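The values are calculated or read from the model by the stated rules, or taken from the named source; none is laboratory data. Source: prediction; values computed, not measured. When we count neighbours, we look across all protein chains shown, and the Cβ atoms used for this are built from the backbone with ideal geometry, even at glycine. Ligands, DNA and RNA are stripped out before the accessible areas are found, and what is left, the full protein with its side chains, is counted by its heavy atoms. Shrake-Rupley method; radii C 1.70, N 1.55, O 1.52, S 1.80 Å.
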Amino acid sequence: MPHDATVPDAEFWDARYAQSDRVWSGRPNSALVREAGDLAPGRALDLGCGEGADAIWLAGQGWEVTAVDISAIALGRASAHAAASGAADRINWQRHDLGRSFPAGTFALVTAQFLHSPGATMPRADILRRAAAAVAPGGVLLIVGHAGTPAWEPGSGAALPTPEEVVAALALPDGEWDLLRCEEHPSFRTGHDGTPDPRTDNTVKLRRRTA
């Protein structure tokens, strides 16, 4: 749907999800599976969980998941999907406008998969700094984002920084983190109209040192 910069993010995303019974594929993001598949399960925070596929996958791997989204419609859909999968008891669904409120606690994994919103209303860099602060010692921060606007969302206005810019914007203290991955990579999907939608995405993965 076209973006009107005067529309609040919560209203935009509720309208987006209301357009169809399912917006996303129902499969976990491949970067999450690749980067978190060998981590020892603990407490995880999924920022921008959408319809819940990543949170459900993490729960299936043994994680206790706090899953957050701005859209009440998305969270209701995600909760239903979790119940159908048998993962409901391992996921705590929370509604947050992350520019205004943030889940409490620290986590062994904080993941933000494609945490973008059209226009300039979402303070993404500030949110990701709060995400870093929520990582427990020894834990991992995983940020995956688009590096180019999808063909089916021309002129979305979303900020699309490079992975190096993501790391710089985190402003992490020297000596407290190890940078495990900072790279762009091709990504191939099918657009909403069924046409091929090749993109470039980026991945940033950091581990907080224990001492």
task = Show the residue pairs that are 6+ apart or on different chains and have beta-carbon atoms under 8 Å apart, the first residue being within segment 169-183 and of a type in the set (Gly, Ala, Ser), the second being outside any strand (DSSP E or B).
result = Ala169/Ala125; Ala169/Leu128; Ala169/Arg129; Ala169/Pro161; Ala171/Arg129; Gly175/Arg209
remark   = Checked segment 23-44 for anything assigned to a loop (DSSP other than H, G, I, E, B), open to solvent by 50 Å² or more (accessible area, probe 1.4 Å) and either of a type in the set (Gly, Ala, Ser) or at pLDDT below 70 (or both); matches are Trp24, Ser25, Ala40
ask   = Among the residues of segment 111-152, which ones are of a type in the set (Lys, Arg) and at pLDDT 95 or above?
value = Arg129, Arg130
query = Going through segment 106-124 one residue at a time, which ones are more than 13 Å from the chain's Cα centre (by Cα) and surrounded by fewer than 18 Cβ atoms within 10 Å (Cβ to Cβ)?
reply = Thr106, Gly119, Ala120, Thr121, Pro123
inquiry  = Need pairs with beta-carbon distance below 9 Å; first residue closer than 17 Å to Leu179 by Cα and open to solvent by 10 Å² or more (accessible area, probe 1.4 Å) and within segment 127-148, second at pLDDT 95 or above and among the charged types (D, E, K, R); sequence gap 6+ or separate chains.
reply    = Ala136/Arg43; Ala136/Arg208; Pro137/Arg208; Pro137/Arg209; Gly138/Arg207; Gly138/Arg208; Gly138/Arg209
note = Going through segment 55-75 in order, the residues found to be of a type outside the set (A, V, I, L, M) and part of a strand (DSSP E or B) are Glu64, Thr66, Asp69
request  = Go through segment 81-105 and count every residue that is part of a helix (DSSP H, G or I) and either touching a residue at least 40 places away in the same chain (Cβ under 8 Å) or surrounded by fewer than 15 Cβ atoms within 10 Å (Cβ to Cβ) (or both).
outcome  = 4
Among the candidates Ala78, Ala10, residue that is part of a helix (DSSP H, G or I), within 17 Å of the chain's Cα centre (by Cα) and at pLDDT below 90 = Ala10
query = Before we move on, is Glu51 surrounded by 18 or more Cβ atoms within 10 Å (Cβ to Cβ) and at pLDDT below 90?
reply = yes
